[in-house]
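The values are calculated or read from the model by the stated rules, or taken from the named source; none is laboratory data. If you're wondering where the values come from, they're calculated on a predicted model, not measured in any experiment. Please note: Cβ atoms are built from the backbone with ideal geometry, for glycine as well, and neighbour counts cover all protein chains shown.
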Amino acid sequence: MESPEIIDGYLMQSGLEYETVNEGMWIVHDDLDDIDNIVVRYAPPVVVFRVKLMDLPEAQADRAGLYEALLRLNANELVAGAYGLEGDSVILTETLQSENLDLNEFQAAIEGIALAIGDHYEQLKGFHQATNDGESSR
């Protein structure tokens, strides 16, 4: 991949709503899968896909259970990508090599994130404290 313009082309071809944040960074809005704010960042030699799923629960016991669930999902459910922590948030990321990235891989990364969230969100939100009203940031 020679430049971030190729990502723009892939986004247009995919038919997803998106906005350009700055050169090399976009936010994808996937209304079809009820997933919002997938950040796509072109950072050669990779393209990074990232979405914030939820804030961490306040109670340490809830956090411990959530951490175990995330590790199990990473090991058993995710083919590519991984759940992780960024600050006080649970995120889902996927990273692909930018050099030979094609449209099919690009679309698969976004679809994989949407599928993982659709399959795992109900389980993970159970760890979220009632003080946060059980709402996510997705």
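Condition check for S3 on (1) out of contact with any helix residue (DSSP H, G or I) (no Cβ under 8 Å at 6 or more places or on another chain); (2) in a loop (DSSP other than H, G, I, E, B); (3) within 30 Å of E122 (Cβ to Cβ): one failure, at (3).
In region 90-120, of all residues being assigned to a helix (DSSP H, G or I) and of a type in the set (D, E, K, R), the one that is modelled with the highest pLDDT corresponds to E105.
Select from region 80-102 the residues that are of a type in the set (A, V, I, L, M, F, W, C) and within 19 Å of A43 (Cβ to Cβ) and write down the one among them that is surrounded by the most Cβ atoms within 10 Å (Cβ to Cβ). Let's see the steps before the verdict.
If we filter region 80-102 for residues that are of a type in the set (A, V, I, L, M, F, W, C), which is where we start, we get 80, 82, 85, 90-92, 96, 101.
Those still in the list that are within 19 Å of A43 (Cβ to Cβ) too: 80, 82, 91-92, 96, 101.
On the way: A80: 15, A82: 16, I91: 17, L92: 27, L96: 20, L101: 18.
The selected residue is L92.
The set of residues in region 86-114 that are in contact (Cβ under 8 Å) with a residue 40 or more places away in the chain, among the hydrophobic types (A, V, I, L, M, F, W, C) and over 20 Å from D55 (Cβ atoms) comprises L96, L101, L103, F106, A109, I110, A114.
Inspect all residues belonging to region 72-79 and state whether any of them is at pLDDT 95 or above, assigned to a helix (DSSP H, G or I) and surrounded by 15 or more Cβ atoms within 10 Å (Cβ to Cβ). Yes, because at least one residue in region 72-79 is at pLDDT 95 or above, assigned to a helix (DSSP H, G or I) and surrounded by 15 or more Cβ atoms within 10 Å (Cβ to Cβ).
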